[in-house]
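A short write-up of the structure that comes next.
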Amino acid sequence: MKRLLLAGISAAFLAASVSAVAAQTKLSRNEIINSLQGAQEEVNVSADELQKAAIENIKKYPGDNSPQSLPLADKLASLRQFNVEITFDFDSARIRPESYETVGLIADALHTPYLQGQTFFIVGHTDAKGAREYNLELSIKRAQAVREALVTTFRVPGEYLFAVGLGEEQLRDPSQPDAAINRRVQLINLGYK
């Protein structure tokens, strides 16, 4: 009887595990390419300008959460982009091993003729837990870590990649500032330069 009960529990666990895996959306290189390619308007924004805008936003609107979006947000929203979750060690810029597959898929997409020679921002974002200044610094380090992995491990030409950190200044879901959905890396296509 115990064996039957254990067998039933094992079968139920296996079925639940298989369905959970099947329910997860598998990221593909083509999904990244389709999100990033295509004609778009020319936007003259440098990584330094974007970084400076985040710092100025913190100074202009001090406190736990910014009441205002970045002034450049509308410009950036008009560009082709892709958001992806890349996990890091807690309070660190070390990319977790399970996220290297995702970074590799990004590199595969950037190596295709559809995206080669185009310029990209790699933008790090955090949730709103902790001090805004600290989150900004951590997001910069994480964006730099992704750029470094793309350049050194996956041989994406570095002259086309610019790391920027926005911390919690551009939450994906402002109604839930501490939610995991806000912790992400965003690729923004700036087109040919």
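The values are calculated or read from the model by the stated rules, or taken from the named source; none is laboratory data. In this text, all values refer to a predicted model and were calculated from it rather than measured experimentally. With ideal geometry, Cβ positions are generated from the backbone for all residues, glycine too; neighbour counts draw on all protein chains shown.
Some observations on this one:
- Top-ranked residue in region 110-132 [being of a type in the set (D, E, K, R) and in contact with a helix residue (DSSP H, G or I) (Cβ under 6 Å, 6 or more places away or on another chain); ranked as farthest from ASN57 (Cα to Cα)]: ASP127
- Residue tally, condition over 12 Å from GLU85 (Cβ atoms) and surrounded by 15 or more Cβ atoms within 10 Å (Cβ to Cβ), over region 180-193: 5
- Residues located in region 142-179, provided they are of a type in the set (Val, Ile, Thr) and surrounded by 14 or more Cβ atoms within 10 Å (Cβ to Cβ): VAL146, VAL151, VAL156, VAL164
- Residue match in region 6-26 (condition: modelled with pLDDT of 80 or more and part of a loop (DSSP other than H, G, I, E, B)): no
- Qualifying positions in region 27-59 - exposed (fewer than 11 other Cβ atoms within 10 Å of the Cβ) and at pLDDT 90 or above: ASP48, LYS59
- GLU101 among the acidic types (Asp, Glu), modelled with pLDDT of 90 or more and under 19 Å from GLN144 (Cβ atoms): no
- Enumeration of residues in region 140-193 that are acidic (Asp, Glu) and touching a residue at least 24 places away in the same chain (Cβ under 8 Å): GLU168, GLU169, ASP178
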